[in-house]
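A quick write-up on the structure given underneath.
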Amino acid sequence: MRYFWICVLLTLAQAHARAVLAADVTFQPLASITNDRNADLQHVGILLDAGEVVGLRFDTIDGNNSHVSDFSIDDIKAGAVLDGDAERKAIVLQGSIYSMGGNANLVITYLSNGLSRKHTVCYARIERDASGQWHILDIYEHKWVDHLVIKTRPLGISTIQGICPG
């Protein structure tokens with residue numbers, strides 16, 4: 001019986017520790033996202049714990065399907081599906097975030113032709129400035145961006161304006 005109570009206490013302590021950890025995580029927006037297909041407004045940003053990046057948040061704040069999706073560092077390494085589902089991955093973000101170095105190199109893959117299932121790839125970077133704020137860097141234009149526009153065509157995405165050429 002004593003083993004049972006020890007397990008209960010350990011479980012409660014772990015739950016409390018997770019709740020405290022979650023309370024310390026803050027969200028820093030990087031960019032707003034709109035598209036030419038609907039009126040959805042989204043935000044993408046990083047999740048910080050004591051100044052260190054612990055994940056990414058993709059937040060649909062205005063639209064028919066408002067929701068928040070959080071992705072861990074491991075999810076991003078494996079390829080976080082920002083839009084779509086397991087079968088139809090419309091936008092995937094993949095890369096490694098280096099909190100200590102203050103940067104992240106990212107690969108954005110988007111569905112450019114749904115009929116042929118063709119995907120297009122572009123690259124972006126996230127950087128931390130001298131004041132500790134993080135920003136998305138358009139590596140093609142060498143400038144920080146805070147607004148992305150998903151440009152669509154009837155069967156897919158033609159570009160993600162702000163970070164992808166096109």
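What residue, of Val107, Val145, Val92, is crowded, with 19+ Cβ neighbours inside 10 Å and within 27 Å of Asp49 (Cα to Cα)?
Details: Val107 fails: crowded, with 19+ Cβ neighbours inside 10 Å; Val145 fails: crowded, with 19+ Cβ neighbours inside 10 Å.
The conditions single out Val92.
Could you check the range 59-96 and list, in sequence order, the residues that are of a type in the set (A, V, I, L, M) and under 11 Å from the mean Cα position of the chain (by Cα)? Spell out the reasoning first.
Start the filter on the range 59-96 by keeping residues that are of a type in the set (A, V, I, L, M), which leaves 61, 68, 73, 76, 78, 80-82, 86, 90-93.
Across the range 59-96, the qualifying residues are Val68, Ile73, Ile76, Ala80, Val81, Leu82, Ile91, Val92, Leu93.
Can you confirm whether Ser96 is in contact with a helix residue (DSSP H, G or I) (Cβ under 7 Å, 6 or more places away or on another chain) and of a type in the set (S, T, N, Q)? So Ser96 passes the test.
Test Asn105 against the stated conditions and say whether it is within 17 Å of Cys122 (Cβ to Cβ) and of a type in the set (S, T, N, Q). Yes. Quick check on the range 45-58: of everything there that is over 9 Å from the mean Cα position of the chain (by Cα) and charged (D, E, K, R), which residue is farthest from Ser131 (Cα to Cα)? Residue satisfying both the conditions and the ranking: Asp49. Checked against the criterion of being of a type in the set (D, E, K, R), modelled with pLDDT of 95 or more and farther than 15 Å from Ala31 by Cβ, the range 84-95 has no qualifying residue.
Filtering the range 110-123 to residues that are surrounded by fewer than 18 Cβ atoms within 10 Å (Cβ to Cβ), farther than 18 Å from Tyr140 by Cβ and aliphatic (A, V, I, L, M) leaves only Leu115. Restricting the first member to the range 51-70 and to residues that are within 15 Å of Gly84 (Cα to Cα), and the second to residues that are of a type in the set (Val, Ile, Thr), the beta-carbon pairs closer than 6 Å and six or more apart or on different chains are Phe58/Val44; Asp59/Val68; Ser66/Thr60; His67/Thr60.
The values are calculated or read from the model by the stated rules, or taken from the named source; none is laboratory data. Keep in mind that this is a model prediction, so the values were computed, not measured. Here Cβ is always computed from backbone atoms with ideal geometry, including for glycine, and neighbour counts include all displayed protein chains.
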